[in-house]
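For reference, the structure discussed in these notes is given below.
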Amino acid sequence: MPYILIIYVMSKVLTMRAAIAEHVVDGCSVALGLQMEQMIPFAAGHELVRQKKRNLRLIGPISDILFDQLIGAGCVKDVVAAWVGNVMMGSAYNFRRAAEQENPGTPGEKLKVFDMTNFSLALALQAGAMGVPFLPTRTAMGSDVPKGNHFFYQIISPFEPKETLMAVRAIQPDVAIVHVQRTDKHGNAHCWGNFGVLLEGVRAAKKVIVCAEEIVEDEVIASDPNRTVIPGFLVTAVVECALGAHPSPVQGYYKRDDAFFQQYHEQSKTAADFQTWAGRWIYGVTDCAAYAQQLSSARVEELGVKNHAYAAATDYGY
C-alpha cells in the first residue's frame, strides 16, 4: 500500500500582543526602523512599551521618535544607531535627557550609545547575515566614531599593499521587527519603496516579526515573486496591523503625518509631558484599530494616497 505524504503549512499569524509577548524578552537586542524614515513599526514599539519590556538594546539607522518613546518609557538599556531624534524637528527630548542626565531604563546611569554611521551599521548587519565576525572597510577612519566603540577595530590587510583598514563587528539582532505593505500568512512579504537596511537586518536577525498593512492570499504574493523581498522561511511571526507605521509613511497606503511629528515635539519637552502623551497614544489604546479610531477617520482619510502611481504590468510568462 503506497504511503501518502501530507505536509501541513502552519500559519504564522499572531496578534501584536502575542507576537511581542512570545518573541521579545527582557534584555534582548531589537532592530527597528530599518527602512530609514518610512515604514517604522510604531505599533510594535508601542506594544513593547505596554508590555513593559526592559533592558533592550535598540538597533537602527536613522532612528526616529520610536526610539525616543521607548527610551522615555524605560524600556532601553543601550542604543546602537547612526542617529536618534525627531527627523522633522531635530532633537528628541527623551533621548537627550537619557544620554546627558539619567536613563529611565537604567536609573542612576546615563544611556549608553554606540555611535555608528548608516554605512557601518549596514556592514555590521551584512556581516551578521553572512555569518562572518566582521567586514573590512575604510569608512569611519579618521573620525571619532570608532573611539571607545567596540563595534570597530583597526586591522591590517593580509594582502598587498598591506593597508590599514577598519573591521566592523557583526551584529545579529535577537529580533528584527519590520513593517511592510503586504504579506501572506506564512510571512512571504511584498515591500516596495526605500529598503534602507531591511534586507540585511532580516537576514541577520535570529527572529523576524513582520507587521503588515494587510495579509493577502498566497496567490497574490506568488503572482509577483520579485517583489517578495522577505521569504517566509526567515519569518517567525506575522501581524496584520493597518496604520501600524503611523506617523511614518507607507508607500501606496498613506503619507507621512508631519503634524504628528510636530505635536510630539511640543508634547514631550519634559518627562511629565511625555508621560501625558504616552497615556493618550500608547497606554490609552490597545491595538491598531483603537489607535486609528483615536486618530480619527478624517485624519486617516486625509493621509491616504491621493495621486496613485501604479507600476506597469509585469508578464512572467514564456
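Observations on the model:
- Check on Ala167, under 27 Å from Asp257 (Cβ atoms), over 18 Å from the mean Cα position of the chain (by Cα) and not in a loop (DSSP other than H, G, I, E, B): no
- Being outside any strand (DSSP E or B) and within 25 Å of Leu66 (Cβ to Cβ) is not true of Pro161.
- Flag if Thr286 is over 24 Å from the mean Cα position of the chain (by Cα), surrounded by 11 or more Cβ atoms within 10 Å (Cβ to Cβ) and of a type in the set (S, T, N, Q): no
- Residue satisfying condition, being crowded, with 23+ Cβ neighbours inside 10 Å and touching a residue at least 12 places away in the same chain (Cβ under 8 Å), within set Pro104, Pro61: Pro61
- Of the residues examined, Leu135 is one that is under 26 Å from Arg203 (Cα atoms), over 20 Å from the mean Cα position of the chain (by Cα) and either of a type outside the set (D, E, K, R) or not assigned by TED's automatic domain parsing to the domain that holds Leu199 (or both).
- Residue in segment 281-296 that is closer than 30 Å to Ala124 by Cβ, of a type in the set (Phe, Trp, Tyr) and assigned by TED's automatic domain parsing to the domain that holds Leu32 present: no
- Within segment 24-37, the set of residues being surrounded by fewer than 19 Cβ atoms within 10 Å (Cβ to Cβ) and over 16 Å from Ala82 (Cα atoms) comprises Val25, Asp26, Gly27, Cys28.
- Residues in segment 252-285 that are without any contact (Cβ under 8 Å) to a residue 12 or more places away in the chain and of a type in the set (Ser, Thr, Tyr): Thr276 alone.
- Tally, over segment 290-304, of residues that are among the small types (Gly, Ala, Ser) and free of Cβ contacts under 8 Å to residues at least 12 places away in the same chain: 4
- Among (1) farther than 15 Å from Leu14 by Cα; (2) of a type outside the set (A, V, I, L, M, F, W, C); (3) without any contact (Cβ under 8 Å) to a residue 40 or more places away in the chain - the single one Glu214 does not satisfy: (1)
- Residues that are surrounded by fewer than 24 Cβ atoms within 10 Å (Cβ to Cβ) and under 18 Å from Phe114 (Cα atoms) are absent from segment 41-53 altogether.
- In segment 64-101, residue surrounded by the fewest Cβ atoms within 10 Å (Cβ to Cβ) [restricted to those that are closer than 18 Å to Asp273 by Cβ and acidic (Asp, Glu)]: Glu100
- Residue count for segment 299-314, restricted to those that are part of a loop (DSSP other than H, G, I, E, B) and not hydroxyl-bearing (Ser, Thr, Tyr): 8
- Test: residue in segment 256-275 that is closer than 25 Å to Val300 by Cα and among the basic types (Lys, Arg): yes
The values are calculated or read from the model by the stated rules, or taken from the named source; none is laboratory data. This is a predicted model, so every value here is computed, not measured. Cβ sites come from the backbone with ideal geometry, for glycine too, and all protein chains shown count toward neighbours.
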